[in-house]
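The values are calculated or read from the model by the stated rules, or taken from the named source; none is laboratory data. Since this is a predicted model, take the numbers as computed values, not measurements. Here Cβ is always computed from backbone atoms with ideal geometry, including for glycine, and neighbour counts include all displayed protein chains. Note: accessible area is taken over every heavy atom of the protein model, side chains too, but ligands, DNA and RNA are not part of it. Shrake-Rupley method; radii C 1.70, N 1.55, O 1.52, S 1.80 Å.
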Amino acid sequence: MNYKRLRQGMVKDQLIARGISDERVLAVFYKVEREKFVPSDLRKDAYGDFPLSIGEGQTISQPYMVALMTQSLELKGCERVLEIGTGSGYQTAILTELSEQVYSVERIKSLAQKAESLLKKLGYSKVKTFVSDGTMGWEEFSPYDRILVTAGAKQVPQPLVNQLKDEGIMVIPVGNVYSQELRVIRKKKGRVRSTTVERCIFVPLIGKYGWSENVGAE
Ligand code: SAM
């Protein structure tokens with residue numbers, strides 16, 4: 001399988017064709033080897049235009065959605081970024097390439113451990129990971145210049161707003177369990193403004209300020 005060619009095709013046909021234009025973001029999508037972050041039996045589909053299962057009922061998001069969220073963060077390279085939902089670690093690797101320091105929280109221990117060891121193996125040793133309920137944020141290293149939530153929230157968790165720096169940006173999908181809108185939230189002089197970028201579908205954000213564990217099962 002020629003993954004490099006598939007990767008180039010993904011950037012051209014799925015990202016550039018849909019309006020992803022930040023040159024730094026595109027360069028990183030050309031570079032990071034997505035096939036290393038998906039289960040081995042799904043590697044042939046690593047550059048497909050859809051999410052893939054990563055086990056534990058969770059997914060690695062569609063490449064376009066990862067790129068759109070990343071571009072919406074407007075990273076310049078000097079930011080401290082909090083990511084909620086480490087999953088496979090693919091988005092974590094992308095954020096690490098584009099910022100100063102990434103802190104990533106995942107509630108499922110097996111996914112967090114797998115992602116952490118893969119990220120280390122690939123040379124992303126600066127990333128700090130934490131197994132916890134990310135709706136509470138990660139107080140210890142706050143405030144953050146940027147916060148990215150990669151699971152669907154029913155509301156914007158207040159601890160995340162509190163842990164976002166003034167002039168900071170948070171990107172978060174908000175809606176019901178079946179469909180959400182991707183929101184970009186900007187904090188200025190303590191006030192929060194929100195705009196909607198696109199409709200999206202994410203697995204639920206589960207936790208104290210999110211959905212309950214058995215959401216969707218009732
Ligand atoms: N960004 C990931 C990637 O590139 O593979 C995909 C993330 S997946 C769509 C969403 C992740 O959020 C899942 O791994 C899920 O376990 C996690 N999650 C859900 N609720 C969470 C919470 N309260 N705190 C931390 N992680 C959470």
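Please report the net charge: other residues with Cβ closer than 14 Å to the Cβ of residue 68, K and R +1, D and E -1. Mind showing how you got there, number by number?
On the way: positive: 18, 183, 199; negative: 22, 49, 74, 181, 198.
Charge balance in the 14 Å sphere: -2.
Rounded to two decimals, what is the ratio between the C-alpha radius of gyration of segment 14-118 and 2.2 N^0.38 Å?
Details: Rg = 13.2 Å, N = 105, 2.2 N^0.38 = 12.9 Å.
That ratio works out to 1.02.
GNM on the chain, C-alpha springs below 10 Å: top fluctuator among 27, 153, 67?
Most flexible of the set in this elastic network: 27.
Quick check on the chain: of the DSSP beta bridges with both residues there, what percent are antiparallel, nearest 5%?
Values: 19 of 39 bridges.
Percentage antiparallel, nearest 5: 50.
Going through the cross-link list 31/128; 36/128; 44/121; 4/36; 121/165; 36/154, which pairs have a Cα-Cα distance over 24 Å in this structure?
Working: 31/128 21 Å; 36/128 20 Å; 44/121 21 Å; 4/36 12 Å; 121/165 31 Å; 36/154 31 Å.
Check vs 24 Å cut-off fails for 121/165; 36/154.
Please give the Cα centre distance for segment 170-189 versus segment 135-151, rounded to the nearest Å.
Going from one Cα centre to the other spans 14 Å.
When the accessible area of the chain is split by element with a 1.4 Å probe, what percent falls to carbon and sulfur?
Numbers: 5170 of 10390 Å².
In the chain, the share of accessible area belonging to carbon and sulfur is 50 percent.
So what's the net charge close to residue 171: Lys and Arg +1, Asp and Glu -1, counting the other residues with Cβ under 14 Å from its Cβ?
Values: positive: 146, 183, 186, 187, 193; negative: 22, 74, 79, 83, 145, 181, 198.
With Lys, Arg at +1 and Asp, Glu at -1, the net is -2.
Please compute the modelled spin-label separation between residue 128 and residue 41, points set 7 Å along Cα→Cβ, answer in nm with one decimal.
My value for the distance between the label points is 3.8 nm.
Apply the Karplus parameterisation 6.51 cos²θ - 1.76 cosθ + 1.60, with θ equal to phi minus 60°, to every residue of segment 20-25 and state each ³J(HN,Hα) to the nearest whole Hz, in sequence, with x for glycine and proline.
My calculation for segment 20-25 gives 6, 10, 5, 4, 5, 5 Hz in order.
Go through segment 46-61 residue by residue and turn each phi into a ³J(HN,Hα) via Karplus (6.51, -1.76, 1.60, θ = phi - 60°); whole Hz please, and just put x for glycine and proline.
4, 10, x, 8, 7, x, 10, 6, 10, x, 6, x, 10, 9, 8, 5
Quick one: work out Rg over Rh on the C-alpha atoms of the chain, Rh as Kirkwood radius. Don't skip to the end; give the middle numbers.
Details: Rg = 16.1 Å, Rh = 17.2 Å.
Using Cα coordinates only, the ratio equals 0.93.
Before rounding to the nearest 500, sum -39500 (n - 2.57) across all DSSP H runs of length at least 4 in the chain and divide by the residue total; then give [θ] at 222 nm in deg cm²/dmol. Before the final figure, lay out the partial values.
Numbers: 6 runs with 54 residues, N = 218.
It lands at -7000 deg cm²/dmol.
Using the beta-carbon distance between residue 50 and residue 74 and R0 = 22 Å, what value does 1/(1 + (r/R0)^6) give for FRET efficiency, to the nearest 0.05? Walk me through the intermediate numbers first.
On the way: r = 26 Å, r/R0 = 1.20.
For R0 = 22 Å, the calculated efficiency reads 0.25.
How about segment 40-134: which GluC sites (Glu not before Pro) there lie in a loop by DSSP and see at most 16 other Cβ atoms within 10 Å?
56, 74, 100
Count the net charge of all other residues whose Cβ sits under 14 Å from the Cβ of residue 189, scoring Lys and Arg as +1 and Asp and Glu as -1. List each step's numbers first, then the result.
On the way: positive: 165, 186, 187, 188, 191, 193; negative: 166, 167.
Net charge in that neighbourhood comes out at +4.
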